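Everything on this sheet refers to the single structure shown next.
The values are calculated or read from the model by the stated rules, or taken from the named source; none is laboratory data. Since we're looking at a predicted model, the values are computed, not measured. So basically every Cβ, Gly included, is an ideal-geometry build from the backbone, and we count neighbours across all protein chains shown. When the accessible area is computed, the model is the full protein with side chains, heavy atoms only, and any ligands, DNA or RNA have been set aside. Shrake-Rupley method; radii C 1.70, N 1.55, O 1.52, S 1.80 Å.
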Amino acid sequence: MNSGSDDRSSTPARGILPGLASGRLRWDALDPFPERTPEERAADEKTVADIATFHEQRVDPEELDRTRTLPEGFLDDLQRQGYLRLGVGPDLGGLGLSSYAVFEAVARAAQWSVPAAQVMAIQAGVGAPAMLPALPEGPLRTHVRRRIAEGTVSGFGDTDHAGQNNSRPVLTATPTPDGTAYELTGDKLFIGNGPVADLLPVSAVLDDPDRRRLGVCFVDTRTPGFQVTSHIEFMGSRGLPNGALRLEKVRVLREHVLVEGDGDRLPDAIGFLGLVGRLHFTGAPALAIARNCAEWSRDFVVRRTVDGRPLGDYEQIQRLVATTVAEVYAMESVARLSLIGAGIGDRWLEQFLAKNVLVRTAGRIVDRTVSLLGAEGFETVASKRRRGAPDLPVERAYRDARGLRIAGNVDFQLDNQGAQLLLAAFHRDPDTGRAEPFSDLGLSTAADARLTDANHAHLAALARHTADLARTCRELADSHDDLTGLYEHEGTLVLVARIAAELLTMSAALARASHLTRTGADDDAQALADLYCTGARHRIEAARRRLSTVRSGAEPDHAAISRAWLSVPGRDREAPQR
């Protein structure tokens, strides 16, 4: 599979939200497909190759998985190479990579070792360097710039023991009597890079006398009262530093706190940066696993026979392999559409939906690969080496891939939140989603010619499903006077988001196929887009049937069954509180 690209710089594609909101597929929002200039691509590819080589030379992925310990001096070496400043400019000793280049750098490193690559990804995606663009001019920005230039390891202390999906953190920041600082008290849990960080942004409720606001406090972990209470171990990503943290009256200068409502770029800018950051530490490793699985599948099928017949001659094997290759193509297309040429706040819906697209598709691929390889897919690397078999780490990839679905928030909750963001647009504007859909898709003759007949049929189906989703969202918004009541129907929201994610992926796959065909860069793109879209349309139809059942109330009573199971003898049989 060739992921070739154009030899020119194209105008970055606009976002898909207006099309989803209006019910009108907008081809002009997808074409021209976003692309890097030849100079950008050449520079990126050299840097990405260097980063991949570094990881291959410094990390033994099997040893890291076994010992759960990073190689001695690994963090220092990352720092010296500038790999903990991937997106930071040269003025601070960084490499100045674009968001997409950072994504590819993490993906290539993760093809060798997921947890080692995630150390870079967390730093670049949600650590202090990632937040720099959101910091207004002033003491905090100066402080963070200085720490980055000196060399810092960072992450983001967000999740409390109460869970990630509470509207406000439990950790509190109380002003000191003289008003010059805050004292932070509370716990943080599941913090990537937390045990090795020296500058850690931490979310907190600022308990000021006048009002309580959200804040991000930049904590120097050498400050008295900061403690790593536990090094957390996971089923996958073994060796990634992750910890439970306790802050007991940890002092942070007031000028080192980013406060809700301070400046016109907060808090939205941090939220938008977080969308990209989540793709770096979950989406990029997911793509790495998917790419590896495609290669491992080829390796296995080429060397195996059944009754003297090459394994690749069997129809079901061909289906499994072809589906994997097409899904890798679709994942790459979504990543490119979401990140190339996108500034802060651009294509935010794509970036939000892309996380689940990437990690779920990787999950399907690695599960399929385990089935394809059979016992060899389930066997550990150590066992394969003992018997002299090819030591493909499929079992390790399976564990790593499962963890990506819960990192950066669990997948079903992201579905819930994504649908809320989409439905909010319909609730804000009573006219949204009421227009009649396009009948001709607005395609020019030239664009039409760049798609095969099969893919043009997929494009027509994409237009119909876009209109259907808009009508559904309009009906849902009209049926509730306020968003709170609408958001209670979580089963409905999850299905809405999953349909939207499939529409995004079909859009990306078809637009990229058109682009690559026009430029002659990839002869396989049309076939891969066709195969992916065929499967996507089946999934959309299934989700729409389920959505109709959920909305009509024809499903079994999940609430009654859940209440009965969760109730405790002697307590009223009520739904438990979240």
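Shape call for the range 91-166 from the C-alpha gyration tensor, a ≥ b ≥ c root eigenvalues: rounded (a/c under 1.5), prolate (a/b greater than b/c) or oblate?
Note, shape of the range 91-166 comes out oblate.
Compute the Cα gyration tensor for the chain, then decide on rounded, prolate or oblate, letting a ≥ b ≥ c be the square roots of its eigenvalues: rounded whenever a/c is under 1.5, prolate when a/b is larger than b/c in the other cases, and oblate in all that remain.
rounded
For the range 520-562, just say rounded, prolate or oblate: build the C-alpha gyration tensor, square-root its eigenvalues into a ≥ b ≥ c, call rounded for a/c under 1.5, and beyond that prolate if a/b exceeds b/c, oblate if not.
It is prolate, given that a/c is not under 1.5 and a/b is the larger ratio.
Assuming a viscosity of 0.692 mPa s and a temperature of 37 °C, what translational diffusion coefficient in µm² per second does Stokes-Einstein assign to the range 62-113, Rh being the Kirkwood radius over Cα pairs?
Approximately 270 µm²/s, per Stokes-Einstein.
For the chain, what is the calculated [θ] at 222 nm in deg cm²/dmol (nearest 500), taking -39500 (n - 2.57) for each run of four or more DSSP H residues and dividing by its residue count?
Mean residue ellipticity, 222 nm, calculated: -17000 deg cm²/dmol.
Semi-axes, largest first, in whole Å: what does sqrt of 5 times each Cα gyration tensor eigenvalue give for the range 295-392? Spell out each step's value before the answer.
Details: eigenvalues 230, 52, 20 Å².
Those come to 34, 16, 10 Å.
Per the Cauchy relation, a quarter of the hull surface: what is the mean projected area of the convex hull of the alpha carbons in the range 219-344, in nm²?
Mean orientational projected area (the range 219-344, Cα hull): 12.5 nm².
Charges at C-beta only: +1 for Lys and Arg, -1 for Asp and Glu. How large is the resulting dipole of the chain about its Cα centre, in Debye rounded to 20?
For the chain, the charge dipole is close to 880 debye.
Take the Cβ-Cβ distance between D198 and S230 as r, set R0 to 22 Å, and report the resulting FRET efficiency rounded to the nearest 0.05. Don't jump to the answer; show the numbers that get you there.
Values: r = 19 Å, r/R0 = 0.86.
In this case the efficiency is close to 0.70.
In Å and on Cα atoms, what radius of gyration and Dmax does the range 1-153 show?
18.3, 55
With all protein chains present and a 1.4 Å probe, how do T69, T176, T452 order by accessible area, largest first?
T69, T452, T176
Tell me the per residue accessible area of the chain using a 1.4 Å probe; a whole number in Å² is fine. Show your work: numbers first, answer last.
On the way: 25290 Å² over 578 residues.
Solvent-accessible surface per residue comes out at 44 Å².
Can you work out the PRE-style zone for S479? Point 7 Å along Cα to Cβ, and I want the residues of the range 374-417 with backbone N under 11 Å.
Backbone N within reach: none found.
So which aspartates and glutamates pass the test for K249, namely a Cα distance under 14 Å, with those fewer than 8 places away in the same chain ruled out?
Leaving aside aspartates and glutamates fewer than 8 places away in the same chain, those within reach of K249 are E183, D187, D207, D220.
Give the aspartates and glutamates reachable from K188 as a straight Cα distance under 12 Å; neighbours fewer than 8 places away on the same chain don't count.
D158, D160, E248
Could you work out how far apart the two model spin labels at E137 and L311 are, taking each label as a point 7 Å from the Cα in the direction of the beta carbon, and quote it in nm?
For the pair E137/L311, the computed spacing is 6.2 nm.
If you take the Cα Rg of the range 461-578 and divide it by 2.2 N^0.38 Å, with N the number of residues, what do you get?
1.48
If I take R0 = 51 Å and measure r between the Cβ atoms of A149 and E541 in this structure, what FRET efficiency does the formula 1/(1 + (r/R0)^6) give, to the nearest 0.05?
My answer for the efficiency is 0.40.
Tell me, in nm to one decimal, what length is gained between E45 and A162 on full extension, where the rule is 0.36 nm per residue of separation less the Cα-Cα distance?
37.9 nm
Of all the accessible heavy-atom surface of the range 129-192, with the other protein chains kept in place and a 1.4 Å probe, what percent is carbon and sulfur?
52 percent
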